[in-house]
Amino acid sequence: MKSGTDFSFFWDQYLREKQRTILFILGIGFDPRMCFGLKIITDSSAPKICDCISIKSKEGPNFRAKLHEKNLNNNMIEFENLLKKCNNHYPKEITKWTVDKRPKGDIEAKEIIKNFSELSKYSDIIVDISALPKIIYFPLIAKILTLIEEAKMNGSSTSSPAFHVIVSENVEYDRCINEQILNCDPFFMRGFISNLESEALEHLPKIWIPILGENKEEHLNNIHKIIAPDEVWPVLPSSSIDPRRSDKLLLMYRDFFFDKLNIEPRNIIYASEQNPFDLYRQIHRVFHYKNEALKPLGGFKIIISPLSSKLLSIGALLAAYELKQKNVGIIHIEPQDYIVKEITDTIKPNLFSLLLVGD
């Protein structure tokens with residue numbers, strides 16, 4: 001993982017090392033961080049060939065497009081200028097909701113990349129999740145990982161591409177964009193369900209790991225009603241840029257966790273706010289600990305709710321991806337709209353680059 005000034009230095013050196021053929025995947029949206037990653041890649045003077053897949057989400061009826069029109073138009077002006085430095089552009093559109101208002105974006109996201117041959121002609125695959133919703137980038141990243149792994153297992157004569165995930169991260173940005181879930185029902189993310197909904201395993205103890213961010217009281221209540229967990233292991237960000245952020249989150253959710261659920265303080269997990277690999281390890285630690293403790297009962301289920309930043313959600317994604325055959329999965333609530341406060345120029349984003357596959 002590289003971030004801050006190391007981000008630019010890494011990509012400058014990496015692109016100069018040899019000529020790269022890059023497939024860059026990003027979301028089209030109102031988030032002002034949409035183009036930051038692509039700009040650094042395309043602005044590099046190192047020799048490269050860059051193709052781009054842009055993913056536009058077709059939102060549901062409750063999405064107030066006019067509220068976000070100005071930000072979207074600003075992003076599109078910059079994006080179209082950056083496309084002039086790309087070789088090919090493949091625009092895609094995903095419908096996030098069915099007619100009866102059920103989420104289906106995770107199903108369509110898995111079809112963005114259909115087979116390994118679409119990846120094998122590139123030296124590097126980059127997915128920038130800065131303007132992508134979780135319902136799209138969770139299954140998309142899992143699909144790419146699966147295709148690369150299957151090609152290696154099948155002894156593909158074609159060398160596998162390196163796979164990078166980029167995110168423009170700033171907690172202050174996230175606080176300015178509030179999700180409106182409008183009584184949406186939680187759902188198990190496709191590709192991360194495993195046997196979680198199997199009636200044959202209904203008797204197994206359920207362990208819930210909510211990864212906490214600000215203003216998620218309604219999310220927590222709705223998910224808790226659906227899954228009725230036997231144990232709760234909330235994740236708090238520590239270390240954090242704001243050293244008191246964990247304390248503030250504990251105060252924010254004190255009634256829910258301590259008065260309503262009566263959780264054990266020793267169940268609280270602390271994971272670094274800016275290191276998703278730390279959260280990845282912590283979830284593995286809980287899994288192996290409970291695996292030993294609950295083996296006499298025939299097993300257990302772990303259900304993860306990524307309710308925090310996109311950067312931390314990558315740690316949850318990787319852990320759930322590796323453990324999905326062992327009754328570990330993701331439950332999610334997809335927002336139908338957003339309230340965006342004005343983001344001042346004093347709030348500076350921090351770019352992170354994570355190498356998931358490759359040398």
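The values are calculated or read from the model by the stated rules, or taken from the named source; none is laboratory data. The structure presented is a predicted model; accordingly, all values stated were derived computationally and were not measured. A quick note on method: Cβ atoms are made from the backbone with ideal geometry, for glycine too, and the neighbour counts reach across all protein chains shown. The accessibility values were calculated without ligands, DNA or RNA, using every heavy atom of the protein model including side chains. Shrake-Rupley method; radii C 1.70, N 1.55, O 1.52, S 1.80 Å.
Assess whether I77 counts as being aliphatic (A, V, I, L, M), without any contact (Cβ under 8 Å) to a residue 12 or more places away in the chain and assigned to a helix (DSSP H, G or I). Yes, satisfied. Among the residues of segment 41-90, just one is among the small types (G, A, S) and at pLDDT 95 or above, namely S54. Whenever a residue of segment 14-27 is farther than 13 Å from Y137 by Cα and part of a helix (DSSP H, G or I), its partners that are at pLDDT below 95 and hydrophobic (A, V, I, L, M, F, W, C), lying with C-beta atoms within less than 8 angstrom and at least six residues away or across chains, give the pairs L15/I41; L15/A46; R16/A46. Listed conditions (1) in contact with a Pro (Cβ under 7 Å, 6 or more places away or on another chain); (2) more than 20 Å from E179 (Cβ to Cβ) are all met by I223, apart from (2). Do we find that K121 is open to solvent by 90 Å² or more (accessible area, probe 1.4 Å), more than 22 Å from the chain's Cα centre (by Cα) and more than 19 Å from R33 (Cα to Cα) in this structure? In short, yes. Look at segment 176-189: where a residue is within 30 Å of K348 (Cα to Cα) and open to solvent by less than 30 Å² (accessible area, probe 1.4 Å) and a partner is basic (K, R) and in a loop (DSSP other than H, G, I, E, B), sitting 6+ places away or on another chain with Cβ atoms under 7 Å, you get C176/K341. Restricting attention to segment 86-105, which residues are part of a loop (DSSP other than H, G, I, E, B), touching a strand residue (DSSP E or B) at 6+ places or on another chain (Cβ under 7 Å) and either of a type in the set (D, E) or open to solvent by 80 Å² or more (accessible area, probe 1.4 Å) (or both)? Correct list: N87 only.
Filter segment 222-254 down to the residues that are polar (S, T, N, Q) and in contact with a helix residue (DSSP H, G or I) (Cβ under 7 Å, 6 or more places away or on another chain), then identify the one that is least open to solvent (accessible area, probe 1.4 Å). In this case the residue turns out to be S240.
Scanning for something over 17 Å from N350 (Cβ atoms) and either open to solvent by 30 Å² or more (accessible area, probe 1.4 Å) or free of Cβ contacts under 8 Å to residues at least 60 places away in the same chain (or both), does segment 297-304 turn up at least one residue? Checking segment 297-304: at least one residue is over 17 Å from N350 (Cβ atoms) and either open to solvent by 30 Å² or more (accessible area, probe 1.4 Å) or free of Cβ contacts under 8 Å to residues at least 60 places away in the same chain (or both). Go through I241, I226, I209 for me and flag whichever is among the hydrophobic types (A, V, I, L, M, F, W, C), out of contact with any strand residue (DSSP E or B) (no Cβ under 6 Å at 6 or more places or on another chain) and either assigned to a strand (DSSP E or B) or within 30 Å of K295 (Cα to Cα) (or both). Of the residues listed, the single one that is among the hydrophobic types (A, V, I, L, M, F, W, C), out of contact with any strand residue (DSSP E or B) (no Cβ under 6 Å at 6 or more places or on another chain) and either assigned to a strand (DSSP E or B) or within 30 Å of K295 (Cα to Cα) (or both) is I226.
Does at least one position in segment 38-47 carry a residue that is in contact with a Gly (Cβ under 9 Å, 6 or more places away or on another chain) and open to solvent by 10 Å² or more (accessible area, probe 1.4 Å)? Taking every residue of segment 38-47 in turn, none turns out to be in contact with a Gly (Cβ under 9 Å, 6 or more places away or on another chain) and open to solvent by 10 Å² or more (accessible area, probe 1.4 Å).
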